[in-house]
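Below is one structure, written out as structure tokens; comments come after it.
The values are calculated or read from the model by the stated rules, or taken from the named source; none is laboratory data. No experiment lies behind these values; they were computed from the predicted model shown. Here the Cβ is made from the backbone with ideal geometry for all residues, glycine too, and neighbour counts use every protein chain on show. In case anyone asks, the SASA skips ligands and DNA or RNA and just uses the protein heavy atoms, side chains included. Shrake-Rupley method; radii C 1.70, N 1.55, O 1.52, S 1.80 Å.
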There are 2 protein chains.
Amino acid sequence: MDKEKIRVLVEEIVKATLKQPKQIPIAASNRHIHLSPEHVDRLFGKGHQLNKLKDLSQPNQFAAKETVTLIGPKGKIQNVRVLGPARGSTQVEVSLFDGFTLGVKPPIRNSGDIKGSGAITIQGPRGQVTINEGLICAARHIHMHTSDGESFGVSDGDRVQVRVEGERGVIFSNVLIRVSPKYKLEMHIDIDEANAANIKNGQLGEIVAIESRVQVSGG
Amino acid sequence: MDKEKIRVLVEEIVKATLKQPKQIPIAASNRHIHLSPEHVDRLFGKGHQLNKLKDLSQPNQFAAKETVTLIGPKGKIQNVRVLGPARGSTQVEVSLFDGFTLGVKPPIRNSGDIKGSGAITIQGPRGQVTINEGLICAARHIHMHTSDGESFGVSDGDRVQVRVEGERGVIFSNVLIRVSPKYKLEMHIDIDEANAANIKNGQLGEIVAIESRVQVSGG
């Protein structure tokens, strides 16, 4: 190795060390369901209002006391938590492992992108609904407030790599950045991903690379 | 960026591009159990010989026709495949997800390292056994033949990073290298890890970094 090469390497290492680490708390989402107002009626009875069990980390979102049973061609999963408030379209989020239990193959999708996604039957205490689309395996993503996006130097739609330390350490690739003044900083992964890296809720991950950018940054 | 820095960067990129990729087929291990000869007797009857269902990729190892039920404090898992041939100590390998189902917390261990590991009850058609240790979640590892170790430049006990491409791409850290003239090249992960990266059996991973070495290599 020549002197110049060593100088460049040292410079890069010093720069990387001095940089603020871009750390993000991680939360593992267990299987859950968002219901349209119409489906709340059909599963829980006409005019039923979801009852809050506890607030979620994202503002105004809550886990409801209500649960449903998912029924697939090969099996069923009971006690699937309903999240509130009721919203436009019903969306069921399960892990790929849950997909094997149910006998369905949920596509990996961003929340809200349900066109052509999976079908599933949902059983509530007052009725049953079969949806032709709306079953997904949620793609890993990071919610962040506009101010976090600025301090991290990333924008809504960017893709980053996130490193998690530990005996089952991994670097997650292709992690979608979602920026909004309504969001709180948190990375969302599913149970398979949490187990694969043996992640406990609240554990920190670090953005170690930006893989793709939606818009050209000022830097 | 000055010219010299660009020259160094280009040199590194060209070198990296010309290097042989270190690709390895990946296999996901579902939950399974290795039984001691004594426990074969107790679960399946005195003098019982395990019946081969099919050969496994590692020489002389086979999936047996026999299955058992695992019973934990919170639940049971049926149809857990027995692997043969019978060997020294009984070892039960499950995923962390299976651990939640059973209500136990299997430590992440290398195969064979069962001292102080988890307890579990095993039910067979002719009897039941409770082991005080032997329940583990297998740590991710790569089996390779001695010749693979030489061509990849790694030794038994080294730890490497393995990259898997795809919409759920990950880089697995802390992957143990196991080299033996009896092994065939294959990376073993569990079902949680396979789902987290949406890996299909036989898909290729690539060694992208050596994290730690047991011995100083000749290079």
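The set of residues from the range B:30-55 being open to solvent by less than 40 Å² (accessible area, probe 1.4 Å) and either modelled with pLDDT under 95 or not in a loop (DSSP other than H, G, I, E, B) (or both) comprises B:His32, B:Ile33, B:His34, B:His39, B:Val40, B:Leu43, B:Phe44.
If I go through the range B:119-154 residue by residue, how many of them are away from every other protein chain (no Cβ under 14 Å) and within 30 Å of B:Gly75 (Cβ to Cβ)?
Qualifying residue count, the range B:119-154: 17.
For the range A:162-219, filtering for residues that are out of contact with any Pro (no Cβ under 9 Å at 6 or more places or on another chain), outside any strand (DSSP E or B) and of a type in the set (Gly, Ala, Ser) leaves 9. Among all positions in the range A:98-112, there is no residue which is away from chain B (no Cβ under 14 Å), part of a strand (DSSP E or B) and at pLDDT 95 or above. Among the criteria (1) under 19 Å from A:Pro25 (Cβ atoms); (2) within 11 Å of chain B (Cβ to nearest Cβ); (3) surrounded by fewer than 21 Cβ atoms within 10 Å (Cβ to Cβ), the one A:Arg159 does not fulfil is (1). Residues that are more than 14 Å from chain A (Cβ to nearest Cβ), exposed (fewer than 14 other Cβ atoms within 10 Å of the Cβ) and within 16 Å of B:Arg31 (Cα to Cα) are absent from the range B:200-208 altogether.
Is it true that some residue in the range A:46-68 is on the phi > 0 side of the Ramachandran plot and either within 14 Å of chain B (Cβ to nearest Cβ) or not charged (D, E, K, R) (or both)?
First, the residues of the range A:46-68 that are on the phi > 0 side of the Ramachandran plot: A:47, A:60.
Filter once more, so that each one left must be either within 14 Å of chain B (Cβ to nearest Cβ) or not charged (D, E, K, R) (or both): A:47, A:60.
Yes, there is a match, as at least one residue in the range A:46-68 is on the phi > 0 side of the Ramachandran plot and either within 14 Å of chain B (Cβ to nearest Cβ) or not charged (D, E, K, R) (or both).
Taking residues in the range A:1-29 that are more than 10 Å from every other protein chain (Cβ to nearest Cβ) and at pLDDT 80 or above, and partners anywhere that are outside any helix (DSSP H, G or I) and surrounded by fewer than 13 Cβ atoms within 10 Å (Cβ to Cβ), the pairs with Cβ atoms closer than 7 Å and at least 6 places apart or on different chains are A:Pro25/A:Gly202; A:Ala27/A:Asn201; A:Ala28/A:Asn201. If you go through the range A:71-101 and pick out every residue that is over 20 Å from the mean Cα position of the chain (by Cα) and surrounded by 23 or more Cβ atoms within 10 Å (Cβ to Cβ), you end up with 0. A:Val129 fulfils the conditions (1) touching a residue at least 40 places away in the same chain (Cβ under 8 Å); (2) in a strand (DSSP E or B); (3) surrounded by fewer than 21 Cβ atoms within 10 Å (Cβ to Cβ); (4) not assigned by TED's automatic domain parsing to the domain that holds A:Leu35 except for a single criterion, (4). Of the residues B:Ser117, B:Ser173, the single one that is of a type in the set (Ser, Thr, Tyr) and more than 18 Å from B:His34 (Cα to Cα) is B:Ser173. The set of residues from the range A:56-75 being at pLDDT 95 or above, touching a strand residue (DSSP E or B) at 6+ places or on another chain (Cβ under 9 Å) and not hydroxyl-bearing (Ser, Thr, Tyr) comprises A:Phe62, A:Ala63, A:Ala64, A:Lys65, A:Glu66, A:Val68, A:Leu70, A:Ile71, A:Gly72.
Of the candidates A:Ile122, A:Ile171, the single residue that is at pLDDT 95 or above and closer than 30 Å to B:Val175 by Cβ is A:Ile171. Pairs linking a residue in the range B:198-209 that is on the phi > 0 side of the Ramachandran plot to a residue that is hydroxyl-bearing (Ser, Thr, Tyr), with Cβ atoms under 6 Å and 6 or more positions apart or on different chains, do not occur. Within the range A:175-212, being closer than 15 Å to A:Arg159 by Cβ and touching a Phe, Trp or Tyr at 6+ places or on another chain (Cβ under 7 Å) holds for one residue alone: A:Ile207. Out of (1) open to solvent by 50 Å² or more (accessible area, probe 1.4 Å); (2) assigned to a strand (DSSP E or B), what's the single condition that is false for A:Cys137? Single failed check for A:Cys137: (1). Just to verify a result, which residue in the range A:170-188, among those that are over 18 Å from B:Ala196 (Cβ atoms) and touching a Ser or Thr at 6+ places or on another chain (Cβ under 8 Å), is nearest to the other protein chains (Cβ to nearest Cβ)? That would be A:Ile177. Taken together, the residues in the range B:140-154 that are open to solvent by less than 30 Å² (accessible area, probe 1.4 Å) and of a type in the set (Gly, Ala, Ser) amount to 1.
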